[in-house]
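Notes follow once the structure below has been shown.
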Amino acid sequence: MKKFCTITRKILNNSILSLCGFALILLVVTVTWQVFSRYILNDPSSFTDELSRYTMIWLGLLGASYLFGKNAHLAITLLPSHLPEKANTALQIFIQILILTFVVLAMIKGGSALVGRTMQQLSPALQIPMAYIYMILPISGVVTVIYVALNMIDTVWKKK
């Protein structure tokens, strides 16, 4: 089981980091082109502002999912550092269940509903369905759920 979790985490990490790397390169290119076209050519590009904004959204949510996998998300560590080992394990599992509940309800369920409602709405400059932009919510939600499950397995297996 531990080997399966390690392989799954490695594949997921590499996939997320590759997507984030591509998004970062796209963001740099679009912002650079926007600055160049605005100040050098005196003819600002109409789509780069919107594309960079949407790329930033995807990058942020994918990066947040990756941080859940690394257990590097924002946390208050005062209480866990003062608890005995069994209580700390129970607290970590409880925290993971809370995260799981939020992600399933808000990101996956709510994000899927948002994608469904915005399929006919087009973005102003790119003229693509807004659902493509909002699709990152359920995608990153599923990735986060996988990471949370792996974290819970690691928490339980670490103590055995």
Which of the residues spanning the range 109-137 are in contact with a helix residue (DSSP H, G or I) (Cβ under 8 Å, 6 or more places away or on another chain) and either buried (at least 19 other Cβ atoms within 10 Å of the Cβ) or small (Gly, Ala, Ser) (or both)?
Gly110, Gly111, Ser112, Val115, Gly116, Ser123, Ala125, Ala131, Ile133, Tyr134, Ile136, Leu137
Taking into account only those residues within the range 34-83 that are under 22 Å from Ser123 (Cβ atoms), aromatic (Phe, Trp, Tyr) and surrounded by 17 or more Cβ atoms within 10 Å (Cβ to Cβ), which is nearest to the chain's Cα centre (by Cα)?
Trp58
For the range 64-100, give me each residue that is touching a Leu at 6+ places or on another chain (Cβ under 9 Å) and assigned to a loop (DSSP other than H, G, I, E, B).
His73, Leu74, Leu83
Restricting the first residue to the range 60-89 and requiring it to be free of Cβ contacts under 8 Å to residues at least 24 places away in the same chain, which pairs with a second residue that is among the hydrophobic types (A, V, I, L, M, F, W, C) and in a loop (DSSP other than H, G, I, E, B) meet a Cβ separation below 9 Å and a spacing of at least six or different chains?
Leu67/Leu74
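Values in this text are rule-based calculations from the coordinates and carry no lab data. Predicted model, so just to flag it, every value in this text is computed and none were measured. Counting neighbours? That spans all protein chains shown, and the Cβs are built from the backbone with ideal geometry, glycine included.
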